[in-house]
1. Sort the following peptides by mean Cβ neighbour count (other Cβ atoms within 10 Å, averaged over residues), highest first: 18-26, 53-61.
2. Tell me, in nm to one decimal, what length is gained between residue 29 and residue 64 on full extension, where the rule is 0.36 nm per residue of separation less the Cα-Cα distance?
3. Could you calculate the FRET efficiency of residue 57 with residue 15 from 1/(1 + (r/R0)^6), where r is the beta carbon distance between them and R0 is 30 Å, rounded to 0.05?
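Please treat every number below as a calculation from the coordinates, not as lab data. No experiment lies behind these values; they were computed from the predicted model shown. Neighbour counts are summed over all protein chains in view; Cβ atoms, including those assigned to glycine, are modelled from backbone coordinates with ideal geometry.
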Amino acid sequence: MLQPHMTTTPPRVSLMAAGELRDVLTAIEEGKGPRAVAALMAIDPASWTAIEGRLAAVIGTDLRELLLKSAGGTDAAPADLY
């Protein structure tokens, strides 16, 4: 019996999620933690998976680490983002 050929497409970042991620980074830059969190929560799961994969491949870290560094260093506590 032949097995069906399974192809997997890599997860893609939707246009809406790209805009939300831009809003996250802008809010962090402006010191608006709650706005950044709201924008993060608006990202759909498939786009989130794609974002995580791209960050790991391109810069070798995840979004949490990148945001902590941008908030003032790796020693910054998550509460510092609010």
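1. Values: 18-26: 16.3, 53-61: 11.4.
Order by mean packing, descending: 18-26, 53-61.
2. Details: separation 35, 0.36 × 35 = 12.60 nm, distance 1.46 nm.
That works out to 11.1 nm of additional length.
3. Details: r = 20 Å, r/R0 = 0.68.
The formula returns an efficiency of 0.90 here.
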